[in-house]
């Protein structure tokens with residue numbers, strides 16, 4: 001294995017950070033035979049690698065995304081009962097095998113791997129208590145949208161060889177089966193009272209409609225034919241062109257049409273006016289599970305709600321201080337109105353917005369090296385969100401690069417309604433999605449070749465999104481945010497994540513309406529209607545996910561403060577960042593124990 005350039009730490013630090021002291025909440029393996037350290041390690045290696053092999057077989061899209069192309073022709077019926085039963089049996093089988101390992105004989109990274117593996121299997125098994133498969137589609141988390149991204153030829157599906165093109169046709173068959181299953185599941189959900197809010201399905205219909213065409217050449221799925229490699233033979237070109245035209249007209253368009261018509265003419269009558277998860281059967285327990293799993297903490301929804309309100313007040317006070325330095329006179333709401341309406345804060349075209357983000361890349365990379373040992377090898381592109389999903393998409397997102405370097409990462413920028421995409425938000429958003437945020441962290445993790453694959457290619461939302469928000473907070477240290485309005489933008493972005501704590505728990509725990517959420521947003525942040533609406537409906541669609549950002553950032557910042565206080569003048573920010581990143585994404589409580597061991601070693 002090549003040495004990792006991101007984490008240039010002394011051997012003692014690595015041993016301390018991942019040492020043989022077990023975290024307090026490691027569950028003892030009942031009935032596990034005593035093992036030597038070698039036997040325990042070999043057993044663990046076998047379990048986690050066997051698991052990952054079986055996981056990839058059941059999750060072929062994940063395999064493609066990490067550069068394993070054995071299953072590129074498969075699209076799983078992931079919401080079908082047979083597939084779900086196989087997945088549940090897999091988690092239980094490997095949990096049982098893991099619990100037969102004598103974890104007291106493990107040391108170093110294997111201690112972390114054991115705890116993470118057991119926790120993940122238990123969380124996954126518990127997740128089967130909740131019927132997410134009965135509400136398989138919404139405007140934000142949409143398999144049909146993701147399938148269109150893959151089929152466009154500009155996402156993770158490879159279209160370089162004749163075999164690649166043939167593989168995609170296999171996935172078309174799989175998606176057609178998934179679409180049939182989705183309708184069956186939604187009908188069952190209608191019988192059981194597990195249905196989506198009306199507003200989400202109203203947003204979903206035009207996304208499906210966008211893929212319904214009469215001319216195959218107008219379909220996004222025709223793009224690979226239009227961009228077919230020049231080296232293909234004339235026979236292959238002719239055959240594949242005809243096969244893709246047939247697939248679009250006979251399988252893809254009919255699948256989207258059937259979903260669209262079912263939702264419009266049958267499902268919409270059964271959708272609900274309520275918007276919170278708590279309105280569904282067992283919804284309170286479902287949301288509590290989401291909160292616990294996503295945040296990797298024991299914080300209750302009520303506690304998170306109060307943390308959010310306190311953070312909103314704190315950040316607003318900081319914005320007032322910066323507002324004074326700009327010379328602006330008026331109230332905070334006046335300042336928000338100015339930020340929202342002054343034309344100088346907005347681009348005139350989508351192309352200008354994209355180029356504005358691209359212009360930040362070189363400077364951010366150079367400045368990040370003041371806080372980190374090195375940048376990852378993987379590169380990334382900056383692209384606009386596709387038109388068919390832009391209206392309901394978030395402001396930005398990141399798609400990881402393939403580990404073999406064949407496909408760069410993608411920083412997607414939403415260019416829908418330019419009046420909702422201010423210039424003052426750009427630097428913080430860049431730091432979050434690109435460097436030193438998601439692209440940096442995820443690429444660095446994937447280059448940790450000594451980690452078992454379930455960790456190298458896995459993650460925890462609170463850690464990943466917490467790191468992204470923490471990365472935004474590094475702007476002043478990096479020498480970014482020289483313009484006070486860019487710093488206001490960073491504070492606005494942090495404020496938005498604090499607002500998420502309030503409104504997500506408000507929606508799903510306290511019974512808030514969509515209108516109450518929007519009113520709270522407008523009263524507390526500089527936000528235009530387009531973004532407020534898409535974000536509010538995002539929180540409705542994926543309960544609990546929005547909590548990850550602020551909860552994770554607060555924990556990372558708390559840990560940094562503790563290390564700085566303990567070490568004083570000996571604190572090294574590069575070493576701290578290496579400490580946080582060197583084991584990949586961790587549950588927040590495991591991360592905390594790791595940092596506490598580091599402090600003990602440094603001060604003992």
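What to note about this one:
- DSSP finds beta bridges in the chain, and of those with both partners inside it, around 40 percent are antiparallel.
- Taking a point 7 Å out from the Cα of residue 449 in the direction of its Cβ, none of the residues of segment 43-67 has a backbone N less than 14 Å from it.
- The chain: relative contact order in percent, alpha carbon pairs under 8 Å with at least 6 residues between: 18
- Sequence ranges 416-429, 461-474, 556-569, ranked by mean other-Cβ count within 10 angstrom, highest first: 461-474, 416-429, 556-569
- Structure-derived Cα Rg over 2.2 N^0.38 Å - corresponding label in (1) 0.97; (2) 1.07; (3) 1.18: (1)
- DSSP bridge analysis restricted to segment 286-552 gives an antiparallel fraction near 45%, rounded to the nearest 5.
- Per-peptide average of other Cβ atoms within 10 Å, ordering 533-540, 78-85 highest first: 533-540, 78-85
- Computed over segment 286-552, the P(r) tail beyond 24 angstrom holds 49 percent of alpha carbon pairs.
- Based on C-alpha pairs under 8 angstrom that are at least 6 apart in sequence, segment 286-552 has a relative contact order of 29 percent.
- Rounded Å value of the spacing that divides the Cα centres of segment 516-592 and segment 159-211: 32
- Anisotropy class assigned to segment 238-302 is oblate, per the alpha carbon gyration tensor with a/c at or over the 1.5 cut-off and a/b no larger than b/c.
- Here the ratio of the Cα radius of gyration of segment 520-604 to 2.2 N^0.38 Å is 1.49.
- Efficiency of FRET between residue 107 and residue 377 - r from beta-carbon atoms, R0 30 angstrom, step 0.05: 0.50
- All C-alpha to C-alpha distances of segment 161-287, sorted into 10 Å bins beginning at zero, yield P(r) values of 12, 34, 26, 17, 10, 2 percent in whole numbers.
- Extending 7 Å from the Cα toward the beta-carbon at both residue 191 and residue 141 defines two label points whose distance is 2.4 nm.
- Label-reachable residues, segment 428-445, where backbone N falls under 18 Å from a point 7 Å from residue 354's Cα toward its Cβ: 430, 434
- Peptides ranked, highest mean first, by Cβ atoms within 10 Å: ranges 325-338, 150-163: 150-163, 325-338
- Rg ratio for segment 441-492: its Cα radius of gyration over 2.2 N^0.38 Å, N being its residue count, equals 1.50.
Laboratory data are not the source of any read-out in this text; all were calculated from the coordinates shown. Since the structure is predicted, the reported quantities are computational estimates derived from the model, not experimental observations. Because the Cβ atoms are built from the backbone with ideal geometry, glycine has one as well, and the counts that use them run over all protein chains shown.
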